[in-house]
Amino acid sequence: MNNQNNLFFFVMYEEIPVLAQQNVLQQVSQLVNDWFTKYKVEVEVILHVSHIRMLVELPNLPQTLHQKDEIIRGPRTHVSQNILNKFLDKNNCDMQFVFEKDNFYYAVKKYDMLNLQNEIANLCKYILNGLSWSTSMRWNSEVYWSRPVRCIGAYWNDQHINFDWYDLQSSKFMFDSLLTRNIIEATSANHALSQLLNIGRYANHEHRKQKLQKEIDTILLNTNYSLHDDADEVINEINYIVEAPYVYLVKMKKSFANLPEIIRRTVMVQHQQYVPLMNKKTLADAFIAVANYDVNKDVFAHQSNLTLEARFNDANFFWTEDCNSSLKDYDTILQKIEIYKNLGFVYDQKMRLQKLVPNILQDIYKNITNHDDQLILCEKALQYYKIDLPMKTVYEFDSLEGEIAALYAEHFKKYEIAQIIRNYTNIDNFELYFNTQQFDKELKNKICNISAAIGIASRMDTLVGFFGVGQMPTGSSDPLGLRRLVYEILQLLPYCKVSLVDIEKNIYQLYQEQDIALEKSSLISFIDQCSKRHLENLNYKPFVITIAMKYAIPCRLYVSNKLQNILFDDLHSSFVTLYNRLNGFHISHSDDISINLQSLYDLIFQDEITFQNLSDLLNESFCNMNEKMSDKLRLQDNVLILQKMCKPIHNFIDFCFIEKHDQKHQICALFTKLQEILFFYVAI
Amino acid sequence: MLKYIVSFTEMIDILQKFWQKQGCEILFPYDIEMGAGTFHPAVIFGVLKQNLVKIAMLQPSRRPQDARFGINPNRVYQHHQFQVILRPIPNNIQQIAIESLNAIGLTIPDKDIRFIEDNWQSPSLGASGLGWEVRCNSMEVLQFTYFQKIAGKPLKEIVVELAYGLERIALISQNKSHVNDLLWSSTEKYENIRMFYENEWSKAAFQGYSAMYLQKQFDLYEFEIENLLKKKLHLAAYEMFLKLSHTFNLIESGGELSVQQRAQLIKRTRKCANLCLQLYVEGENE
């Protein structure tokens, strides 16, 4: 009988923000268990939450609580009785439970058995006081709430518990909503859930999601529409802001098909929380809107349509104006937009890049005699540099910064340039594009090289400039996001065979042409720190990072520069050269060590890679290498070295296959990481 | 039977009467350009006062960036806000806000009224608060804010601020598709009364003003604010700040600002607001 007690506790807020809903179960569980810790009782917490209410159930609670005796050290034994009495009074202890040890008094503090029912009010208040919100405000001298609490209540085994919390008194009932205020009387969470369900309210997050999904599926079943990839995100978001979801299919009166699809989707998903629908591969002239009541469907559809139309109209207004402006118009404005105080204008930066990026490309293509078409494409791509800054569409859609310039290029059918812009503005895009097999290999290489060159050069230019005018980040503050810039450079470097030192040198020179004197040691040290952090973020073991920094720092980003050599076509020779150089050997032919790179690539590109065949391939390669090395060098500890090299690679393979779920992503991640580890072990 | 349609001006009248019944003093709109009713001196200085505040007023609000030559269904250069400020905050304020919407034709459960988390802030006033944008059938119609900070400093006692977007509310209550089609009164349409201004202002906002002149004007207002503050004329300085803030909005609508330049101008604007408001607070404390 002792553990058959049930506590039901409810709270209604004017609103529980999304983030708070996401965290509240963890928070309440933590608070409840903290409260019960001293009684050595573990408690199960069942919680249902919506945007206006929180229902907490603690089942199987004991009837009584007993706190274990506590031994408290008192004063020294030579003190007067008076002092000892004061100690006992203060700690609420009895003289009969005092004993002496090592010249000190000790008192055993005995706790009475507590009836949990009498403590429920304290527990509820403890939970209410302890909830912390990411964005909150002080509502009185002690409490921070996310939004005002308007109704609280608790039942212990169906019996209402009376208590006060600031200006609120525990209520016997809750409401359907704080706005309509129809009374719901429930003495347990399940009772409340079922009563709410009877009036179409889903207080349980999962039930609500199922209802939403079911209604959406019904709509899809009865139409030819399908959901876009980002639908899940918006459906999840909607689930946090409704309790009584009613799902409606709304047909648009005006489609605004001239607007790029991504703009239309952004309006629907980010601005309006509508679910975009697809008709085959294009955005349909319909969407799903979710109301929080059973509203008048026609009026709701008409007005949702109207709202969306106004938003599209707005986007169209700016987009049309942006498309009617020429590159020359944008250049005129870029000449007036300052990068930063004393750093000149964006147009100046564009001019610097037009000198710098072709040099980088010359380095990339140093073994290819004719690469004029690449240089021409690069020059054209740079004409679009930062045109999104003065574009009006960006004001409304700041999340599309960068993308808007690509859309502009696409509008004029400059598809290659659009891809280059997407790549250099967003590294994730770059990596996605790089790893996709569906494009022409030659064109893809060309686009990737140009994207990486512009991406690195523009970020380096910004870094050099800000350090030049003394705007370096401090330990706790990086308002200009310069660390992020370095991380992005580090991400891009493997794709671009350039020396960062050379780029930097050139940029210094270009700035000096503008009479901007720059001091560079702090920038060097900053990049080094970021490189270290970058390696840490990639989960390298500390000793690997120590070695990487030791070898890499003097020539900065040496690791990444070498890595990109390995990553591209020279794995054999780089591997051998590095291995030999670091071990003082003098063998330079790649045939001496045969890691069959081509086989590895083949497996990857044919999507046939598995743990087993990759592992076999590596084993075979290392055995082969071991034999050849032993044979040629007669190095006694060669076998040990090679075994040492194999071990972390195998460990890594295990790690990678467990961590990543997407097959392609997994393989690419594995491959990249594998090569990095190969390098490091060679470097060691 | 045809349903009677409440016109735009009647709606303002209903709101004024509603809030009058709630004990609010109805004030007049301020006669200087401003981007939102929050900038009305009675609101700003009312918030800063440390006693009871109950005021409501209509305030035409100019936002050059929202200019659309009258072609957008619900966005205009100059729209109308109805502003309510209350302290102490009634416990059922959320309900009262809904009742006020019901009074002008936005009724639950006929219409889907939703509170969407939107913590308001005004960088130029250094003001912020927790709150929502209240949507009716997906359209934002009311900003509901528990005002907690101004001039970068927390308020001792929070204030609730309700800002009604009257054009959008009228679009829903009159069930119209475009702001031009709204009934301004029983005899006139919104278009006839307002669109003449919209066209001209839109042209001016995007192509009319000289960027150099606006920048100079900004500098002059900034200078004048400092001058007036030295003479402890905080209200006059605040009026100059309103002009400065509107000038900043005009510069911004010209579209020739970089992120950093914009941040710099906002910083200067905020500094001016802070100086005006701090002087007022010091005066209050004395």
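Brief remarks follow.
- Count of the range B:176-186 residues, restricted to those that are surrounded by fewer than 22 Cβ atoms within 10 Å (Cβ to Cβ) and touching a residue at least 60 places away in the same chain (Cβ under 8 Å), is 7.
- Those strands (runs of 3 or more DSSP E) lying entirely in the range A:49-137 with at least 1 residues not assigned by TED's automatic domain parsing to the domain that holds A:W156: A:70-76, A:98-101, A:104-109
- Residue selected from the range A:279-300 under the condition within 9 Å of chain B (Cβ to nearest Cβ) and over 33 Å from the mean Cα position of the chain (by Cα), by the criterion surrounded by the fewest Cβ atoms within 10 Å (Cβ to Cβ): A:D294
- Of all residues in the range B:106-155, those satisfying the criterion of being within 25 Å of A:N239 (Cβ to Cβ), more than 7 Å from chain A (Cβ to nearest Cβ) and in a loop (DSSP other than H, G, I, E, B) are B:L106, B:D118, B:W120.
- Residue check for B:L125: in contact with a strand residue (DSSP E or B) (Cβ under 8 Å, 6 or more places away or on another chain), at pLDDT below 90 and of a type in the set (A, V, I, L, M): yes
- Summed over the range B:72-104, the residues that are over 25 Å from A:L168 (Cβ atoms), over 16 Å from the mean Cα position of the chain (by Cα), surrounded by 21 or more Cβ atoms within 10 Å (Cβ to Cβ) and away from chain A (no Cβ under 11 Å) give a count of 1.
- A residue that is part of a helix (DSSP H, G or I), more than 14 Å from chain B (Cβ to nearest Cβ) and surrounded by 18 or more Cβ atoms within 10 Å (Cβ to Cβ) occurs somewhere in the range A:232-246.
- Within the range B:154-167, the set of residues being more than 16 Å from B:A97 (Cα to Cα) and in contact (Cβ under 8 Å) with a residue 60 or more places away in the chain comprises B:L155, B:K156, B:E157, B:I158, B:E167.
- Among the residues making up the range A:438-488, those that are among the acidic types (D, E) and either farther than 19 Å from A:Q419 by Cβ or not assigned by TED's automatic domain parsing to the domain that holds A:I417 (or both) are A:D461, A:D478.
- Of everything listed in (1) within 14 Å of A:Y293 (Cβ to Cβ); (2) away from chain B (no Cβ under 14 Å); (3) free of Cβ contacts under 8 Å to residues at least 12 places away in the same chain, the single unmet condition for A:L179 is (2).
- Restricting B:E161, B:E133 to residues that are in contact with a strand residue (DSSP E or B) (Cβ under 6 Å, 6 or more places away or on another chain), charged (D, E, K, R) and within 18 Å of B:I55 (Cα to Cα) narrows the list to B:E161.
Listed here are the residues, each with its yes/no results for (1) crowded, with 22+ Cβ neighbours inside 10 Å; (2) within 11 Å of chain B (Cβ to nearest Cβ); (3) aromatic (F, W, Y).
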position	(1), (2), (3)
A:K251	no, no, no
A:H271	no, yes, no
A:N313	no, yes, no
A:C323	no, no, no
A:L327	no, no, no
A:Y330	yes, yes, yes
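- Output for the range A:1-51, where each listed residue is aliphatic (A, V, I, L, M), within 14 Å of another protein chain (Cβ to nearest Cβ) and either in contact with a Ser or Thr (Cβ under 6 Å, 6 or more places away or on another chain) or more than 19 Å from A:I161 (Cα to Cα) (or both): A:I16, A:V18, A:L19, A:A20
- Search result, residues across the range B:192-210 that are of a type in the set (D, E, K, R) and closer than 17 Å to B:H178 by Cα: B:R194, B:E198
- Among the residues listed as A:I262, A:I216, the single one being surrounded by 18 or more Cβ atoms within 10 Å (Cβ to Cβ) and either over 28 Å from A:Y13 (Cα atoms) or of a type in the set (A, V, I, L, M, F, W, C) (or both): A:I216
- Selection within the range A:162-218 - over 18 Å from A:I16 (Cα atoms), outside any helix (DSSP H, G or I) and hydroxyl-bearing (S, T, Y): A:Y166, A:S170, A:S171, A:T187, A:S188
- Qualifying position, being closer than 29 Å to A:L25 by Cα, touching a helix residue (DSSP H, G or I) at 6+ places or on another chain (Cβ under 8 Å) and not small (G, A, S), among A:L88, A:L114, A:L55: A:L55
- Scope the range A:44-71; condition exposed (fewer than 15 other Cβ atoms within 10 Å of the Cβ) and either in contact with a His (Cβ under 9 Å, 6 or more places away or on another chain) or free of Cβ contacts under 8 Å to residues at least 40 places away in the same chain (or both); matching residues: A:E44, A:I71
- Of the criteria (1) farther than 25 Å from A:E338 by Cα; (2) surrounded by fewer than 23 Cβ atoms within 10 Å (Cβ to Cβ), which one A:Q419 fails: (2)
- Where A:K328 falls short, out of the listed (1) in contact with a Ser or Thr (Cβ under 8 Å, 6 or more places away or on another chain); (2) of a type outside the set (D, E); (3) at pLDDT 85 or above: (1)
- A:M174 vs. criteria more than 14 Å from every other protein chain (Cβ to nearest Cβ) and crowded, with 19+ Cβ neighbours inside 10 Å: yes
- Only a single item in (1) in contact with a helix residue (DSSP H, G or I) (Cβ under 9 Å, 6 or more places away or on another chain); (2) over 21 Å from A:A457 (Cβ atoms); (3) without any contact (Cβ under 8 Å) to a residue 60 or more places away in the chain is not met by A:D398, and it is number (1).
- Residues that are more than 7 Å from every other protein chain (Cβ to nearest Cβ) and among the hydrophobic types (A, V, I, L, M, F, W, C), drawn from the range A:301-311: A:A301, A:L308
- Residue within the range B:88-95 that is touching a residue at least 12 places away in the same chain (Cβ under 8 Å) and of a type in the set (A, V, I, L, M) present: yes
The values are calculated or read from the model by the stated rules, or taken from the named source; none is laboratory data. Predicted model only: the values in this text are computed from it and were never measured. Counting neighbours? That spans all protein chains shown, and the Cβs are built from the backbone with ideal geometry, glycine included.
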